[in-house]
Structures are given as C-alpha cells and as structure tokens.
Amino acid sequence: MQATLNPTQTNQGISVVITGKIFDTNDIPVSNAVISIQVTNPQATSIHLAVAYSAKDGTFQDSFVIAANSPGGNYTAYMVADKPGYDTARVTLSFNYSSPDFSMQSSTILLTLRQGDTGKVTVAVLSFRNFNEPVNLTALNLPSGVTVRFNPVSLTPGGNAEVTIVASRSAQIGNFTITLVGISGPIIHTVSFQLEVTPGPIQTTFIVVPAVLVCLLIGAGLFQRRRRRSRKRVALEELLKATEADKGYVATARVIARLEELRATDQVDESTYQKLKREYERRLEKSK
C-alpha cells in the first residue's frame with residue numbers, strides 16, 4: 001500500500017486529503033480492499049475514524065479537517081488494508097500542524113430587526129498558536145437596504161469588534177444569512193448569523209417650512225452633494241484600479257472590505273455599491 005497526505009488551508013482550518021493505492025507483490029492493482037483509517041492528534045487522541053475501499057485501479061481516498069483551534073504538533077494517520085487471500089498491508093503517515101491561525105465567533109446566531117431599526121452584534125477574533133497579525137473585517141450577503149459597520153474594522157486576535165447592523169425603512173423583508181469575514185494575509189475565516197427583517201411601523205409626518213429656508217437648504221444640499229460626488233469619484237477610481245491590479249481570491253476579498261468602508265463612510269452611493277458588491281462576490285466565488 002502506498003499513501004500520501006495533502007494538507008490545504010480552508011475557512012475551517014486545515015483540510016487533509018489522504019490518497020493511496022493498493023497493489024500485490026507483482027504491482028497489480030487490488031480492488032475492493034478494505035482500508036481502515038485512524039487519525040490521532042499530538043495527545044494521541046483519535047480525531048478521525050474512517051473506512052475506505054479501493055477502486056478497480058487500486059486507488060482510494062479519504063479526507064479530514066484539523067480545526068483552527070486544534071493543538072499544534074504531529075498528527076498521525078494509521079492505515080490498514082485487508083482483503084481475503086492477501087496479506088495485511090499497513091502504512092503510517094504523520095503531518096505537523098503548527099501554523100499560527102485565528103478563528104471568529106459571533107455573540108448571536110439570530111438578530112431580528114424591524115425596518116428602520118438598528119441592532120448590534122459582537123464578533124470576537126481568537127488567536128491560535130500565537131497568531132498576532134491584524135485581521136480586517138467585512139461582511140457578505142447583505143440584503144438590499146441593510147448596512148453593516150465594524151468598530152474597529154481591523155483588530156488583532158484576542159479583541160472584539162462591535163458590529164452595527166442598520167435596516168433602512170425600505171430594507172428587504174425576510175430571513176437572511178449574514179457572513180462576517182476576517183482577512184489576514186492569505187488566511188480567511190468566516191462566521192455567520194441569521195438576520196430577520198420584519199415590517200416597520202407606518203409613520204406620516206407633516207412639516208411646514210418657510211420658502212426662504214427651503215431655498216437655503218436646497219442650495220446647501222446641492223453644494224454638499226457636489227463635494228460628495230467628487231469624493232466618491234476619487235474613492236471609486238482608486239478601488240477600481242486596485243481591482244484591476246490583482247483579481248485573486250484574497251485581493252478580491254480585500255476589495256470587498258474596502259467597498260464596505262466606502263459605503264460606511266458614505267463615499268459610494270447605494271446603487272453603485274450593490275452593483276460592485278455583486279460583481280466582486282461573483283469573482284470571489286470563481287476564484288475559490
């Protein structure tokens with residue numbers, strides 16, 4: 001029996017794929033062999049038990065995940081292959097897991113807001129194996145009319161960020177899964193919670209404003225609007241340049257984080273934000 005381990009970084013931690021082949025003393029593949037697999041952590045505790053079967057060409061495959069909060073050290077996979085009429089084959093492989101990492105936790109699994117209301121969630125960033133790099137925060141899968149702001153937008157593991165969720169009076173009604181994303185270099189982790197948006201109260205307000213004051217307000221509003229348009233144009237140009245420079249998974253996730261910052265500081269209008277957010281999320285899915 002021959003076998004190899006192939007570890008890959010994922011949102012959940014390290015995904016390890018075991019691939020191998022069963023063959024006889026003449027190197028002829030053996031099909032329908034039963035392969036028993038046991039994986040232990042550095043404390044010799046079993047974290048994965050599985051049974052695999054060899055295919056017609058003698059190959060087999062299995063996989064398991066080492067969670068981000070797992071202890072560092074050597075993880076060992078013990079494999080035993082059996083089939084009537086053949087000798088028992090054994091292979092032992094080890095994998096060292098010591099890379100610094102982090103994880104995220106949300107203070108709630110469900111938040112209910114009426115249209116026009118604001119809610120708060122706390123997200124904690126936890127360090128594993130002495131991870132101490134800054135983690136940038138952003139959010140995905142926001143329904144129409146819902147905004148998310150982080151305070152702070154970047155923090156080191158061991159700290160908490162306050163997440164403010166605002167449902168506008170025209171926010172989309174329904175149940176949604178909000179995904180909070182933490183990005184630090186090539187490492188990306190997520191945590192999700194459910195957001196329920198319910199209809200808000202109907203309010204009717206009549207205000208009588210003098211004509212002169214109306215003119216002054218309109219003039220001031222036009223001036224401020226021109227200034228905001230100029231700032232928005234510059235911010236969007238910088239964002240689009242960054243997107244064209246690098247379209248990889250991590251780069252796209254960072255662009256989404258920057259887009260959230262522009263929205264939070266009112267440097268991008270809602271329609272442009274929604275259009276770009278959908279485009280970058282499609283890119284993010286394609287680049288996985």
Of the residues in segment 155-177, those that are touching a residue at least 40 places away in the same chain (Cβ under 8 Å), in a strand (DSSP E or B) and surrounded by 14 or more Cβ atoms within 10 Å (Cβ to Cβ) come to 163, 164, 165, 166, 167
Kindly provide the set of residues from segment 25-64 that are among the charged types (D, E, K, R) and either surrounded by fewer than 15 Cβ atoms within 10 Å (Cβ to Cβ) or touching an Asp or Glu at 6+ places or on another chain (Cβ under 6 Å) (or both), ordered by number. 27, 56, 57
Give me a count of the residues in segment 41-59 that are of a type in the set (Val, Ile, Thr) and modelled with pLDDT of 95 or more. 2
Candidate set: segment 264-279, residues that are at pLDDT below 75 and not in a loop (DSSP other than H, G, I, E, B); chosen: the one nearest to residue 138 (Cα to Cα): 264
Could you list all residues from segment 101-141 that are touching a His at 6+ places or on another chain (Cβ under 7 Å) and hydroxyl-bearing (Ser, Thr, Tyr)? 103
Criterion: touching a helix residue (DSSP H, G or I) at 6+ places or on another chain (Cβ under 6 Å) and of a type outside the set (A, V, I, L, M) - qualifying residue of 69, 136: 136
Quick one: what pairs do we get from segment 133-154, first residue basic (Lys, Arg), second in a strand (DSSP E or B), C-beta under 8 Å, 6+ apart or different chains? 149/163; 149/164; 149/166
Test result for residue 152, surrounded by fewer than 16 Cβ atoms within 10 Å (Cβ to Cβ) and more than 21 Å from residue 262 (Cα to Cα): no
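The values are calculated or read from the model by the stated rules, or taken from the named source; none is laboratory data. What you see is a predicted model, and the numbers here were worked out from it, not measured in a lab. Positions of Cβ are backbone-derived with ideal geometry, glycine not excepted, and every protein chain shown enters the neighbour counts.
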